[in-house]
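Worksheet: one structure, shown below.
Values quoted throughout were computed directly from the atomic coordinates according to the rules given, and no laboratory measurement underlies them. Values in this document were obtained by computation on a predicted structure and should not be read as measured data. Every residue, glycine as well, gets a Cβ built from its backbone with ideal geometry; the counts of neighbours run over all protein chains shown.
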Amino acid sequence: MELVCPAGNLPALKRAVDEGADAVYFGFQNATNARQFAGLNFTDKRAREGIDYAHARSTRVFCAINTYPQPDGWVQWTRAVDQAAELGVDALILADMGLLDYAARRHPDMARHLSVQGSATSHEALRFYHDQFGITRAVLPRVLSITQVRDLARQSPVELEVFAFGSLCIMAEGRCYLSSYLTGESPNTRGVCSPAAHVRWEETTEGLESRLNGVLIDRYGEGERAGYPTLCKGRFEVGGETYHAIEEPTSLNTLELLPELAELGISAVKIEGRQRSPAYVSKVADIWRQALDRLERTPERFHPDPAWVAGLGEVSEGATTTLGAYERSWK
Amino acid sequence: MSIPETLQLSLGPVLFYWTLERYANFYREAADWPVEIVYLGESVCSRRRDMKLDDWLGLGRELTQSGKQVVLSSQTLIESEADLRDLRKLCDNGEFIIEANDQSALHHLSAARAPFIAGAALNLYNPATIGVMARAGMQRWHAPVEMSRDDLARLLADCRAEGLDQPCEVFAYGHLPLAWSSRCFTARRYRKPKDRCQFVCQKHPEGLPLRSQESKEVFTLNGIQTLSGACQDLRHEVGDMADMGVGVAHLSPRAEGMAKVVAAFDAARRGEQPTPDPLALVDADICDGFWHGRPGMDNSHQKAALS
């Protein structure tokens, strides 16, 4: 299984390559990718430098152009595709059907991966994308149980990449408009979710409050660990009870599922977190490299090293991890 | 050019889980409402099985007799082999056109060369995507719920310039469908596992409000689906929609007061100006932010109400 690591900037890319990533993924500095954060992502020049660095060490480079071209922005998105092709990346990660069609016609020899934002959760959906646009790999949304991944893998016409570690989206990706409902900006349109520009923190008599565009997302009592106000991870009131009504602040961690994922024929595991620091990327890539190497050597006796679990816990949201939808009981 | 001169009205699929009796009463009344198009079927959760495909087909035939164009809506989040089997049966029904809400349905319908309507969650944001869909057999398409009026006007103009004249449908009334998960949030509230949910969502025919700790209605939980907390109401915009070339205004069913909603939109499309009174047609917070290029929860009429 291939280890695919996030590269939010050049230092992160180099750290991922140095720690043994098989592939890294990056985006340009605009709304064409799903991590449009201030100070993040690549100019043409930095991308060229990163690709040279990775290729010199036999690491592949994927370019994420995985937001949806807006009515006034088609040229910006096609330019990103052309630019990635000129840079000589190893694959494009795309979601929009129009852009997939463009890439397939304009750059037929360039590999096309379906982004998680393409919302493909069945082998028939994968077949549609495969037949129409010639995709060779798809990243699966984080909504399927391991049994469902098994069914899908058995009949998939393309390679599968699954999320292994990082922030947990619990909605079918690509079809979540919650962020634009509260802030006017969403993953599809702007490449952001619960954007920082709309976040306000306030110390009040009732506790520390986090708000997103004025809407109270959570309120923390003394000694409680405050987290970033991602709108689906706050505490809300439903039917007279206040709790994490949608999801707790927690990260996805599938270390213990590795042998099963390998047995299902999954081609790659993906680390989330282009918005995280180079130190995060370095640490997570190192642990997953060790895990995959051990799996390769002794697949029948694989179990996660406690040091890995602890290390990943330290960089997890809310310092806790979950198997998410892979585990049926989570639903 | 096949763009209709006047705006048609459609009645969307019921997004909530109702009792058999409630569906029957609702559609008996709807047969006489001034809507041209009626969407039927369960598009949210495959565990909701009170209505079988044959029941929907029977309803569809009755509504056809009443002069309605009937569409069957497919499930948005497809997760299992069982979901795919149900989807194939729906697509192969042989009578009614399908609203495709996932690429699984697109695969099946385009392979069978069957015409279809592209649902809002297929994410049709640009003419290139609409062109791909048109070549696959699309007859009509829903704008993404988060698209603004100005973006849509531009998109429609660009589509016309490229000869793509399939009518566009806009979500004009109701709680906006905003997200789908494999987790059931209604079952979570009742502390039940999804596999043994005991169909608790049926107790909430208009969904379960999710409020901030300051009692603002932020979202509405509907099983695995999350809807907006406020109810989008674009009845003041239907004249503009028709002028822009929007073909259909989509009205999403609610359990109470739907006849009044349909009547208000019917009056609005015939040029009978809705009163400037911003009061809601039904008892719910109102929003129209997406249309105005703002956060979806915003209400452009609120300032007027306060002054």
Margin query: Just to be sure before I move on: is B:Phe96 more than 12 Å from chain A (Cβ to nearest Cβ) and under 21 Å from the mean Cα position of the chain (by Cα) in the structure I sent?
Written below: yes
Notebook entry, point to check: Of all residues in region A:1-20, which are crowded, with 20+ Cβ neighbours inside 10 Å and among the charged types (D, E, K, R)?
Noted result: A:Lys14, A:Arg15
Note to self: Looking at region B:207-266 only, could you name the residues that are of a type in the set (Lys, Arg), in contact with a Leu (Cβ under 8 Å, 6 or more places away or on another chain) and either on the phi > 0 side of the Ramachandran plot or in a strand (DSSP E or B) (or both)?
What the structure shows: none
Checklist line | Top-ranked residue of region A:79-104 - restricted to ones that are in contact with a strand residue (DSSP E or B) (Cβ under 6 Å, 6 or more places away or on another chain) and in a loop (DSSP other than H, G, I, E, B), ranked as surrounded by the most Cβ atoms within 10 Å (Cβ to Cβ) | finding: A:Val89
Notebook entry, point to check: How many residues are surrounded by 14 or more Cβ atoms within 10 Å (Cβ to Cβ), over 16 Å from the mean Cα position of the chain (by Cα) and touching a residue at least 40 places away in the same chain (Cβ under 8 Å) when one looks only at region B:27-49?
Noted result: 4
Next item on the list: May I ask you to list the residues in region A:179-200 that are touching a Leu at 6+ places or on another chain (Cβ under 7 Å) and of a type outside the set (A, V, I, L, M)?
Entry: A:Ser179, A:Tyr181, A:Thr183, A:Ser194, A:His198
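Out of A:Ala279, A:Ala291, report the one residue that is surrounded by fewer than 19 Cβ atoms within 10 Å (Cβ to Cβ), more than 11 Å from chain B (Cβ to nearest Cβ) and of a type in the set (A, V, I, L, M). Reasoning before the result, please.
Details: A:Ala291 fails: surrounded by fewer than 19 Cβ atoms within 10 Å (Cβ to Cβ).
Every option except A:Ala279 fails the conditions.
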Checklist line | Sole exception among (1) touching a helix residue (DSSP H, G or I) at 6+ places or on another chain (Cβ under 8 Å); (2) assigned to a helix (DSSP H, G or I); (3) free of Cβ contacts under 8 Å to residues at least 60 places away in the same chain for A:Pro71, by number | finding: (2)
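May I ask you to say which residue of B:Leu9, B:Leu57, B:Leu84, B:Leu72 is in a helix (DSSP H, G or I) and within 20 Å of the chain's Cα centre (by Cα)?
B:Leu57
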Next item on the list: Report, ordered by the first and then the second residue, all pairs with beta carbons closer than 6 Å, sequence separation of six or more or different chains, a first member in region A:79-102 that is free of Cβ contacts under 8 Å to residues at least 40 places away in the same chain and more than 14 Å from chain B (Cβ to nearest Cβ), and a second member that is small (Gly, Ala, Ser) and buried (at least 24 other Cβ atoms within 10 Å of the Cβ).
Entry: A:Leu92/A:Ala84; A:Leu92/A:Ala103
Next item on the list: Find the helices (runs of 4 or more DSSP H) located wholly in region B:95-176 whose residues include 1 or more that are buried (at least 17 other Cβ atoms within 10 Å of the Cβ) and charged (D, E, K, R), and list them.
Entry: B:149-161
Note to self: Suppose we filter region B:187-204 for residues that are crowded, with 16+ Cβ neighbours inside 10 Å and under 20 Å from B:Arg22 (Cα atoms); how many remain?
What the structure shows: 5
Next item on the list: Scan region A:104-125 for residues that are out of contact with any helix residue (DSSP H, G or I) (no Cβ under 7 Å at 6 or more places or on another chain) and within 8 Å of chain B (Cβ to nearest Cβ) and jot them down.
Entry: A:Ser119, A:Thr121
Item checked: Matching residues, region A:130-141, being crowded, with 24+ Cβ neighbours inside 10 Å and outside any loop (DSSP other than H, G, I, E, B) -> A:Ala138, A:Val139
